[in-house]
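See below for the structure under consideration.
The values are calculated or read from the model by the stated rules, or taken from the named source; none is laboratory data. Predicted model, so just to flag it, every value in this text is computed and none were measured. Note: ideal-geometry Cβ built from the backbone for every residue, glycine included; neighbour counts use all protein chains shown.
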Amino acid sequence: MNFDLNFIPERPEKPRSKGVTMMMDKGLSIREVENFIDSSANYTDLVKLGFGTSYLTNNLEEKIRLYREAGMKIYLGGTLFEAFIARNRFEDYVRLLDKYGLNTAEVSDGSIYIDHSKKCEYITKLSKYVTVLSEVGSKDADVLIPPHKWIEMIQKELEAGAWKVTAEAREGGNVGIFRNSGEIRSDLIEEINRNISPEDILWEAPKKSQQVWFIKFLGANVNLGNIASNEVIPLETLRLGLRGDTFFQFLPEELQPNNK
């Protein structure tokens with residue numbers, strides 16, 4: 001950090017397993033990636049090449065190399081995994097990971113139906129070779145999964161070998177753990193949190209209001225994902241209480257406004 005300031009929450013050093021930030025790359029150029037690394041690599045643990053953008057990305061190998069050399073795990077969006085599964089090409093997907101030297105992968109079923117036992121089988125197979133993030137939740141706003149089912153699926157996917165399970169929200173933050181309006185399904189999240197270790201969940205929270213809610217609920221070291229490239233540092237200031245929305249969150253009682 002550039003200078004000393006007390007009462008700042010402690011953040012684990014990279015590589016870390018809690019307090020991780022996942023940035024979603026939706027088609028950054030190589031120059032934009034270089035600029036992002038220069039400004040934000042220290043605060044970013046994971047980079048997801050969103051949905052199927054890797055199919056179109058120019059200089060894909062170079063992009064992957066840059067992120068990896070900067071100390072971030074990089075993986076292809078779960079929608080691309082589903083595109084391969086829908087075409088009965090799982091083995092080709094594995095070969096794709098090998099071709100680009102990717103050591104992280106996402107297994108999801110947000111766009112297509114995959115029998116859950118089959119999904120867990122994919123997780124187990126991939127976890128022998130790479131770090132697996134699975135994803136629970138539908139991309140269809142009309143599909144509401146009850147809390148007990150969320151918990152059951154998360155537990156089974158962790159048992160199958162997932163490093164973390166991502167709670168679906170899409171890049172818009174309006175499905176899964178959020179309502180159409182972006183409102184937080186707090187009862188669902190609280191129920192998941194009572195049954196699953198916070199370190200095991202990566203909450204997709206693309207909107208500032210959602211990030212603030214999670215930091216206030218679970219603290220500075222909550223795992224958050226689907227963060228835009230230009231929002232990683234703003235998110236880190238929220239984590240540290242250096243932005244108005246969480247300014248008093250980490251100050252001791254004697255420095256709170258009502259004690260002055």
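Of the residues making up the stretch 154-190, those that are at pLDDT below 95, out of contact with any strand residue (DSSP E or B) (no Cβ under 8 Å at 6 or more places or on another chain) and crowded, with 16+ Cβ neighbours inside 10 Å are ASN174, VAL175, LEU188. For VAL47, the stated conditions hold: it is within 16 Å of the chain's Cα centre (by Cα) and modelled with pLDDT of 95 or more.
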